[in-house]
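Here's the structure we're looking at; comments come further down.
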């Protein structure tokens, strides 16, 4: 005899197929099962049996509803009846629809963001084949980093040249990319700042960008316009191809060679693209040595069909090893090949996962509550059910009625929820970090709205079936408490425990994130950003340092301490600050440092402590001995172990890029954390602006923007009215960006905790209130026997707190279980220590006291005589 | 008021009962349907169709003897009632009238 059918499926069939008919039909299925097992094997027969069990379940529901011919005629009546019922109990209707709507609105917003930013494929062909390449520092890196994320570096021009010239087995084209730079466009005496990207013609092929007019740019002197910019500034005139644009203050002209629709998300929202990486990369930047240490170029490539990033890495690593024999700068370095779409979203993936999880948890909390409301309602209305059955209504009619009523309630909640999500999406977008790819495209589209509507309808149907099943289990009874025994205190109590546990979980996460934010806020950044304002411009002229120097002197003359800087703290994203390699000698290990260009007053204005030596002086001019100031982290990594900051002053270091003379260290300053409070310290080298400057300049001024805006405008306009300066803003506003993701986490979890706490309190309140109502007789007798108020209040409190404490304990256990996973979201969470359980205990305990206070006080106000008389009646 | 008439699938089930004669019961009907139509048939659909047909008075049923291979459960033997037979007659006549003379049109070119 072959083994029997799967027990789970048998159990399900036993539930559905009742009576002689059902019994016989189960026999039919068993018989067919044995025959199939002999003919096709036990595994196939078991699979068949399971599908048949589900099938019978679905058909039985259809039969119960009798959703066949003629049944639509009854739907109208059911709808009218449902609306009458809802009108009769508006509080219940508002509670169910409102709670469901709240959860659904949150879930819809979270899904809309996750869909566009995270789940929807990037808008270029075969996005899985477009990869980003990194140089990977030898293990461990000079800064001691071992994880690949910290060891990733961009490509040097020399290596990019080698990669482009090589014939690849796994790659179909390699291109350098520069994004996010700004350039001034002189037109009719006005200068407009445009955002610019650089991309080689291969880059266009890699991203599948086909120009609408013309062709991709092939060199620095050629530009391609984005379709949006072309429409905005040229009125979509196709004749613009071939015209020239004056870009940069120096009046350099570039030829417009094409117009294209650029995919949003990558290379990002740019006005024009030049072909800077289209020519010979080696000759486009510095000497061969400098080229290989100056790792600042983003590189993308397209995998050949059927090739994986791992295969490409293997080939690229072998190629790197071969290049290291010719260029020792690559010795020990390897490569990293990652899918571009994944890499773009990587910094925000955890944040988005949290947002998504938050929406789902809130929806789950709402559904749990709604099920509780509806189940209680059905039990209370069990007498109505038996009256209908007595009048001849079938079970099918009752199920249909329950379904229609729940669907109406769900729709009443769902439609406003989708409208609320549509309205909420703009504030949520504003709240999220602006550099999330495709964030500006996030919207509640008809597709998203349809998903929200489907979820609402599904939840409505589930609630309808659950309500019907609960009422079916009830038995007719004269009094409400007896009917409520169907779910009993245990059933409803379990719902309360579940809600409190979920809320505890969310509160724990919120407390941990808040703890982390406070901790980060207290980290010493190494500079003092309070009271500093910033502005920026692009000066593309040889005399730019003279312009800046005069400007700074004029500002000092007006009593405004000011400094100028390039690549200064916070003025660029982490990825944008160029990093260079430097060796003490040919045999030593390379350290990777960041170079900042700064004017004389920079350290004083920024509050960066000078630890030894001096700041820059007027004598540190373009023709004098090259000098640098270095950070204490630079001293630690570059000089032999034990070198003090005093000893470092007066020594020379290896030549910097763009130079061949060893610069003299004139000062050592404190290390700054300008990539965020939790970012690792990077060695820093400061070069006087007088000795090296670039066209993009930031001004740092002492004073609040509103106090110095007028004198600054007077000085700037008086000196050069053509230069366009960005609006003055407080330096601290740049810091806000660091806390952007944390802020969103806090806000999301805060909202979720608040909503969860509210829902849990509602659940606890209705549970305790019902217990008090159902035990009126017992409480009345206790009062009649002289029980003091305090005892009665404690009696009620203890009942509620026991359930809440169980939920809190379960929630905390879940939190500590999930902690390793949550640590992936926010580093340092385990350090929150006792803060989590203490905060959760206080908040949940306080909320539970509030939720139980009403019913407890009501118990003390009961008149024993009235209560006992009611019972006799 | 009892429901009248049968749907297309219900007619197929009645035809299977007619073909099986005295020995018609759930599992046999299911197999007959699969054999004649060449398609797999959902058990739940047959179960529901039998219930509906019985409610409409087109078939009747009685319990047979239990067998070990059925887990000790009895067969529910079904047979066509005169209204069921009449329903099939009418459907057959309609089908014959509608299909008369269409054979040449249905032939493959």
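The values are calculated or read from the model by the stated rules, or taken from the named source; none is laboratory data. Every value quoted in this text rests on a predicted model; they were computed, and no experiment measured them. Note that each Cβ is placed from the backbone with ideal geometry, even for glycine, and that neighbours are counted across all protein chains shown.
The table below lists the values:
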{"quantity": "Which listed residue is closer than 28 Å to residue A:9 by Cβ, under 11 Å from the mean Cα position of the chain (by Cα) and more than 11 Å from every other protein chain (Cβ to nearest Cβ), from B:80, B:50, B:20, B:88", "calculated": "B:20"}
{"quantity": "Hits in the range B:24-47 (condition: part of a helix (DSSP H, G or I), more than 9 Å from chain A (Cβ to nearest Cβ) and in contact with a helix residue (DSSP H, G or I) (Cβ under 6 Å, 6 or more places away or on another chain))", "calculated": "B:32, B:33"}
{"quantity": "Test: residue in the range B:69-77 that is touching a helix residue (DSSP H, G or I) at 6+ places or on another chain (Cβ under 9 Å), loosely packed, with under 12 Cβ neighbours inside 10 Å and either modelled with pLDDT under 85 or facing another protein chain (nearest Cβ under 9 Å) (or both)", "calculated": "yes"}
{"quantity": "Condition broken by residue A:510, with the remaining ones in (1) in contact with a helix residue (DSSP H, G or I) (Cβ under 6 Å, 6 or more places away or on another chain); (2) surrounded by fewer than 22 Cβ atoms within 10 Å (Cβ to Cβ); (3) modelled with pLDDT under 75 satisfied", "calculated": "(2)"}
{"quantity": "Tally, over the range B:53-67, of residues that are facing another protein chain (nearest Cβ under 8 Å) and either surrounded by fewer than 18 Cβ atoms within 10 Å (Cβ to Cβ) or in a helix (DSSP H, G or I) (or both)", "calculated": "3"}
{"quantity": "Filter pass, residue A:119 being modelled with pLDDT of 85 or more and away from chain B (no Cβ under 14 Å)", "calculated": "no"}
{"quantity": "Qualifying residues in the range A:325-341 (those that are surrounded by fewer than 15 Cβ atoms within 10 Å (Cβ to Cβ) and part of a helix (DSSP H, G or I)) - the one nearest to the chain's Cα centre (by Cα)", "calculated": "A:328"}
{"quantity": "Candidate set: the range A:24-45, residues that are surrounded by fewer than 18 Cβ atoms within 10 Å (Cβ to Cβ) and more than 9 Å from chain B (Cβ to nearest Cβ); chosen: the one farthest from residue B:28 (Cα to Cα)", "calculated": "A:43"}
{"quantity": "Selection count, the range B:68-109, where residues are part of a loop (DSSP other than H, G, I, E, B) and over 19 Å from residue B:21 (Cβ atoms)", "calculated": "9"}
{"quantity": "Unique residue being buried (at least 22 other Cβ atoms within 10 Å of the Cβ), at pLDDT 85 or above, assigned to a loop (DSSP other than H, G, I, E, B) and touching a helix residue (DSSP H, G or I) at 6+ places or on another chain (Cβ under 9 Å) when the list is A:671, A:629, A:690, A:654", "calculated": "A:671"}
{"quantity": "Unmet criterion (only one of (1) assigned to a helix (DSSP H, G or I); (2) closer than 20 Å to residue A:528 by Cβ) for residue A:616", "calculated": "(1)"}
{"quantity": "Single residue of A:746, A:801, A:742, A:752 found to be in a helix (DSSP H, G or I) and modelled with pLDDT of 70 or more", "calculated": "A:801"}
{"quantity": "Qualifying positions in the range A:46-72 - modelled with pLDDT under 75 and more than 13 Å from every other protein chain (Cβ to nearest Cβ)", "calculated": "A:72"}
{"quantity": "Subset of the range A:275-307 (residues that are in a strand (DSSP E or B) and modelled with pLDDT under 85)", "calculated": "A:294, A:295, A:297"}
{"quantity": "Matching option when the condition is touching a residue at least 60 places away in the same chain (Cβ under 8 Å), outside any helix (DSSP H, G or I) and touching a helix residue (DSSP H, G or I) at 6+ places or on another chain (Cβ under 9 Å), among A:505, A:525, A:495", "calculated": "A:525"}
